[in-house]
Amino acid sequence: MKRIKLTVLLLPVFLSAFSVENVPLSKINPDLLVYYWPSSWITYPDDSGLEYGVYHFRKSFDLDKAPSEFIIHISADNRYRLFVNGQAVCSGPSRGDLMHWRFESINISAYLRSGKNVIAAEVWNFADKKPWAQISLKTAFIVQGNSKVEEIVNTSSLWKVTKNHAYRPAGADSKTTEGQFVVVGPCDDVDGSEYPWNWEKTEFDDSAWKNSREIDKGRPKEAGTGIDWGLEPRSIPLLETRKQRFKKIRISENCTADDSFLRGEKSLIIPANKEATVLIDQKNLTIAYPEILVSGGKGAVIEMKYAEALFDENGNKNNRNEIEGKHIVGYVDYFRPDGGENRLFRPLWLRTWRYLQLHVKTSGEPLEIKDFQSEFTAYPFTQNAAFESNDKSLDKIWQVGWRTARLCAGETYFDCPYYEQLQYVGDTRIQALISLYVSGDDRLMRKAIKLYDDSRFSEGLTMSRYPTSTPQVIPPYSLFWVDMVYDYWMHRDDPAFVQSFFQGIDDVLHFFISKIDSETGLLGKTGYWNFVDWAEEWPWSDKLQIGGVPKGGYNGQSSILSLHLAYSAKHAAKLYRWKGNVPKAQEYEKVAETLIDAVKENCWDNSKKYFADTPEKESFSMHAQIFAVLTGAVPEKDVKSFVSRFEKDNKLIQPTMYFRFYLTQALKVAGLADNYLETLNMWHEMLNIGLTTFAEKPDPTRSDCHAWSASPNYDFLATVAGIEPDSPGFKTVKIEPHLGKLNKIKGFMPHQAGTIYFDLHKTEANGIKGRITLPANLTGKFCWNGKEFPLKGETEINL
């Protein structure tokens with residue numbers, strides 16, 4: 001056991017003794033943000049830069065003494081992983097597009113020493129197999145020193161490079177995952193006999209490597225005449241990374257694996273000419289880099305298969321904790337050891353799993369698996385909020401919801417970590433609010449808003465997902481982008497940032513306004529994919545290649561889409577009134593009211609007392625009723641009875657977990673937010689069948705982790721505790737609790753000014769007692785039973 005621990009410690013590549021952070025913008029040499037860089041983008045000289053390949057770059061240099069500061073800026077296409085003197089330091093770049101290509105800025109002084117030093121990088125290009133979230137021009141790598149001192153490491157033809165012929169792409173597509181849509185990039189098939197082991201270490205001999213080929217000088221965005229990589233500083237922190245162990249062996253065939261192996265306490269030996277299988281249960285879904293350390297086993301094949309859940313013979317997942325009669329289906333990495341000592345395989349890109357099946361087939365010599373663990377990675381959100389109540393089942397929803405949100409946040413927000421890892425606007429709006437309420441960190445939200453603005457094309461709309469190498473347009477998602485800007489305005493006092501998107505808001509809204517039917521006043525045909533929700537009544541159409549589209553969503557005249565336009569136009573009007581542009585505000589207010597009137601005239605069914613989805617009045621959805629409430633299409637005097645009726649009407653087309661976020665907003669408008677906790681049956685059911693994250697929709701579902709389903713983490717604070725901005729920038733707060741059947745709630749949440757604390761419980765005769773504590777410089781009001789009371793500092797509540 002001591003020998004195993006010592007061996008691991010001798011592998012500093014994977015166990016860095018230091019940590020590194022992205023340096024602040026103020027420390028970046030300002031010339032690098034204006035002028036062409038002295039350093040060049042470099043590549044492998046014998047490739048075109050357009051094909052699949054994994055490349056290693058190295059630069060050796062001498063220092064008289066270890067510096068106190070040594071700042072460098074790094075980027076690559078597609079991606080890189082950087083090492084300094086054999087230690088892994090960081091990876092990137094933070095995803096963007098060619099006109100907004102991010103670079104990392106780090107201080108590597110803690111990794112340097114007097115004498116010889118080596119900076120090394122692994123750079124890969126997945127080419128036509130790249131993730132759909134990856135935009136690319138060609139294989140390239142760049143390092144730029146921040147000052148004359150660091151320019152010794154600037155990339156040029158003096159950097160050495162080799163192509164790693166050990167790598168081949170392996171399937172991570174629908175062929176390996178039961179026909180599902182999988183676009184996260186390829187897995188790895190690595191032949192250890194062709195791998196240049198220890199390539200990143202200082203003592204490695206790179207004399208046989210080639211000199212790099214220079215492509216062009218690095219340039220900041222807007223500099224010069226180039227249209228290649230427009231370099232911008234990374235706007236988000238480096239990702240969190242931490243080691244984690246596997247939890248439980250569920251099946252062990254033809255080997256003696258037990259949980260002590262997973263704890264790193266002993267090796268696992270697979271004899272020669274044997275075939276063994278180990279099914280490992282992480283117990284929770286995770287997103288990480290698996291790392292397997294082996295010795296011997298020349299000619300063996302190690303296969304690692306990843307899955308969110310196991311499937312029965314009918315292709316159903318059912319209870320995620322149960323394995324009897326089930327099998328694993330998922331994408332696979334392959335590692336083929338060369339027989340050497342301490343060979344460590346780690347895939348180039350992260351993997352998602354709850355279940356990982358390790359299948360080993362040895363040849364003429366035994367294989368020793370010395371250790372098997374993984375490195376968790378995600379955006380470094382910290383949980384700076386808490387929610388407790390007398391209903392302990394809500395604790396589990398809070399915990400699982402936050403895990404869901406975390407696994408769906410990396411360099412961008414993800415819709416889902418296993419299948420797509422794409423940032424969609426409809427998902428992101430909900431994810432961003434969760435981030436603000438539970439963490440208080442707005443940097444990923446800011447990046448998302450900016451990326452969507454960068455994605456706008458000639459017709460004025462944003463892409464529905466971005467960044468992506470495969471463009472897609474969902475017009476309602478452009479409206480949700482407008483709503484996201486509004487959300488940010490309400491929650492953050494950041495006028496310059498908000499105002500920078502007014503042109504984009506105009507472009508989006510004017511696209512829709514131009515599509516309004518002059519005869520009906522409803523929104524006409526907009527084209528593209530007008531997705532609203534994955535309701536069962538709106539199935540996928542193979543003919544149109546779209547799904548989740550309500551009646552009227554394809555040809556126009558949809559009450560849902562018309563009211564969504566009114567909803568977003570009202571948000572835009574508020575933004576323009578704040579800016580002082582009253583005529584523009586009045587324009588959008590008029591657009592909203594005209595649309596609302598058209599829906600009332602064309603889609604109200606007086607016999608059913610509901611808004612139909614189209615003027616034909618053949619389809620009725622809860623979605624249409626929700627937007628009618630959110631836009632004020634229902635008279636204020638009637639809204640409570642209207643919502644009370646439709647929220648429990650199963651004859652209406654029902655919203656899935658995604659659109660129930662908007663149902664909650666409608667409940668609040670109607671004064672029925674005390675009903676919110678009664679709408680959580682879908683979440684409770686997911687917990688009952690063993691899910692450790694919340695799925696895209698109720699079973700049968702594709703994705704077991706979809707962040708739009710984590711909305712309770714926002715609503716426990718914003719609806720149950722009732723904490724919301726009462727003025728733009730969250731300069732004042734309104735707290736209006738909706739405890740429903742709960743007797744007491746307690747918790748806290750972050751605010752720009754500090755932390756908001758609440759500790760409340762019901763009393764007899766519909767009263768409430770407790771304490772609200774606001775941070776200094778924040779005031780607000782407490783609302784209960786139609787009455788308002790001022791809040792400042794620590795306030796005793798006794799009503």
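Taking the condition open to solvent by less than 10 Å² (accessible area, probe 1.4 Å), touching a strand residue (DSSP E or B) at 6+ places or on another chain (Cβ under 7 Å), modelled with pLDDT of 95 or more and among the hydroxyl-bearing types (Ser, Thr, Tyr), does residue 568 pass?
No; evaluated as a whole, the condition is false for this residue.
Those residues that are touching a strand residue (DSSP E or B) at 6+ places or on another chain (Cβ under 8 Å), under 14 Å from residue 120 (Cα atoms) and open to solvent by 20 Å² or more (accessible area, probe 1.4 Å), I need them from the range 67-87; list them, please.
Residue satisfying the conditions is 81 alone.
Conditions: (1) in a strand (DSSP E or B); (2) surrounded by fewer than 20 Cβ atoms within 10 Å (Cβ to Cβ). Residue 391 meets all but one. Number of the miss?
(1)
Could you check residue 165 against (1) more than 29 Å from the chain's Cα centre (by Cα); (2) buried (at least 18 other Cβ atoms within 10 Å of the Cβ) and say which number it fails?
That leaves (2) as the condition not met.
Within the range 516-526, identify whether any single residue is within 28 Å of the chain's Cα centre (by Cα) and open to solvent by less than 10 Å² (accessible area, probe 1.4 Å), and answer yes or no.
No - not one qualifying residue is present in the range 516-526.
Within the range 270-284, count every residue that is within 19 Å of residue 242 (Cβ to Cβ) and either of a type in the set (S, T, N, Q) or open to solvent by less than 10 Å² (accessible area, probe 1.4 Å) (or both).
3
Would you say residue 692 is touching a residue at least 40 places away in the same chain (Cβ under 8 Å), touching a Leu at 6+ places or on another chain (Cβ under 6 Å) and closer than 25 Å to residue 431 by Cβ?
Judged against the criteria, residue 692 is a match.
Quick one: count up the residues across the range 89-123 that are assigned to a strand (DSSP E or B), open to solvent by 10 Å² or more (accessible area, probe 1.4 Å) and farther than 22 Å from residue 235 by Cα.
Selection size over the range 89-123: 3.
Among the candidates 465, 406, 446, single out the residue that is in contact (Cβ under 8 Å) with a residue 12 or more places away in the chain, more than 18 Å from residue 530 (Cα to Cα), among the basic types (Lys, Arg) and buried (at least 24 other Cβ atoms within 10 Å of the Cβ).
Testing whether each residue is in contact (Cβ under 8 Å) with a residue 12 or more places away in the chain, more than 18 Å from residue 530 (Cα to Cα), among the basic types (Lys, Arg) and buried (at least 24 other Cβ atoms within 10 Å of the Cβ) leaves just 406.
Residue-wise test of (1) over 27 Å from residue 502 (Cα atoms); (2) touching a strand residue (DSSP E or B) at 6+ places or on another chain (Cβ under 7 Å); (3) modelled with pLDDT under 95.
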site: 593; (1), (2), (3): no, no, no
site: 601; (1), (2), (3): yes, no, no
site: 648; (1), (2), (3): yes, no, yes
site: 672; (1), (2), (3): yes, no, no
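Going residue by residue through the range 701-724, is there one that turns out to be in contact with an Asp or Glu (Cβ under 9 Å, 6 or more places away or on another chain), in contact (Cβ under 8 Å) with a residue 24 or more places away in the chain and open to solvent by 30 Å² or more (accessible area, probe 1.4 Å)?
Checked against the condition, which is being in contact with an Asp or Glu (Cβ under 9 Å, 6 or more places away or on another chain), in contact (Cβ under 8 Å) with a residue 24 or more places away in the chain and open to solvent by 30 Å² or more (accessible area, probe 1.4 Å), the range 701-724 yields at least one hit.
Keeping to the range 307-318, report how many residues are touching a Pro at 6+ places or on another chain (Cβ under 8 Å) and either open to solvent by less than 10 Å² (accessible area, probe 1.4 Å) or not polar (S, T, N, Q) (or both).
Matching residues across the range 307-318 total 1.
Of all the helices (runs of 4 or more DSSP H) wholly in the range 627-707, which have at least 3 residues that are under 23 Å from residue 569 (Cα atoms)?
660-669
Quick one: residue 661 ticks every box in (1) more than 24 Å from residue 704 (Cβ to Cβ); (2) open to solvent by less than 10 Å² (accessible area, probe 1.4 Å) bar one, so which box is it?
Just one mismatch for residue 661, condition (1).
If residue 736 meets every condition in (1) in contact with a Cys (Cβ under 8 Å, 6 or more places away or on another chain); (2) open to solvent by 30 Å² or more (accessible area, probe 1.4 Å); (3) farther than 25 Å from residue 791 by Cα apart from one, which number is that one?
The one condition residue 736 does not meet is (3).
Looking at 578, 538 in this structure, which one is at pLDDT 95 or above and not in a helix (DSSP H, G or I)?
Criteria check complete, one pass: 538.
Can you find a residue in the range 398-417 that is modelled with pLDDT of 95 or more, farther than 27 Å from residue 95 by Cα and not hydrophobic (A, V, I, L, M, F, W, C)?
yes
Filter the range 65-109 for residues that are of a type in the set (D, E, K, R) and closer than 30 Å to residue 465 by Cα and give the result.
77, 79, 81, 95, 97, 102, 104
Could you say which residue among 575, 563, 630 is of a type outside the set (D, E, K, R), surrounded by fewer than 22 Cβ atoms within 10 Å (Cβ to Cβ) and within 30 Å of the chain's Cα centre (by Cα)?
630
Looking at the range 669-712 only, could you name the residues that are under 21 Å from the mean Cα position of the chain (by Cα) and among the small types (Gly, Ala, Ser)?
The answer is 695, 703, 707, 709, 710, 711.
Among the residues of the range 413-435, are any over 30 Å from residue 294 (Cα atoms), open to solvent by 10 Å² or more (accessible area, probe 1.4 Å), hydroxyl-bearing (Ser, Thr, Tyr) and not in a loop (DSSP other than H, G, I, E, B)?
yes
Say we look at the range 77-101 and pick out the residues that are under 21 Å from the mean Cα position of the chain (by Cα) and hydrophobic (A, V, I, L, M, F, W, C); which of these is nearest to residue 118 (Cα to Cα)?
90
From 614, 526, grab the single residue that is over 26 Å from residue 489 (Cβ atoms) and β-branched (Val, Ile, Thr).
Checking each option against the conditions leaves just 614.
Can you name the residue in the range 449-462 that is farther than 20 Å from residue 494 by Cα and open to solvent by less than 10 Å² (accessible area, probe 1.4 Å) and, of all such residues, is farthest from the chain's Cα centre (by Cα)?
Selected residue: 460.
Just wondering, is there one or more residues in the range 59-66 that are open to solvent by less than 10 Å² (accessible area, probe 1.4 Å), farther than 25 Å from residue 449 by Cβ and of a type in the set (A, V, I, L, M)?
no
With respect to the numbered conditions (1) surrounded by 23 or more Cβ atoms within 10 Å (Cβ to Cβ); (2) touching a helix residue (DSSP H, G or I) at 6+ places or on another chain (Cβ under 6 Å), which one is the sole condition not fulfilled by residue 52?
Only one criterion is unmet by residue 52, namely (1).
How about the range 585-610: which of its residues are under 29 Å from residue 507 (Cβ atoms) and open to solvent by less than 40 Å² (accessible area, probe 1.4 Å)?
585, 588, 591, 592, 595, 596, 598, 599, 602, 603
With the requirement that a residue be within 15 Å of residue 133 (Cα to Cα) and among the basic types (Lys, Arg), what does the range 95-123 give you?
95, 102
Can you pull out the residues in the range 469-484 that are over 23 Å from residue 237 (Cβ atoms) and open to solvent by less than 10 Å² (accessible area, probe 1.4 Å)?
474, 475, 476, 477, 478, 479, 480, 481, 482, 483
The values are calculated or read from the model by the stated rules, or taken from the named source; none is laboratory data. Here the structure is a predicted model, which means the values were calculated and not measured. Backbone-built Cβ (ideal geometry, glycine too); neighbour counts: all protein chains shown. Ligands, DNA and RNA are stripped out before the accessible areas are found, and what is left, the full protein with its side chains, is counted by its heavy atoms. Shrake-Rupley method; radii C 1.70, N 1.55, O 1.52, S 1.80 Å.
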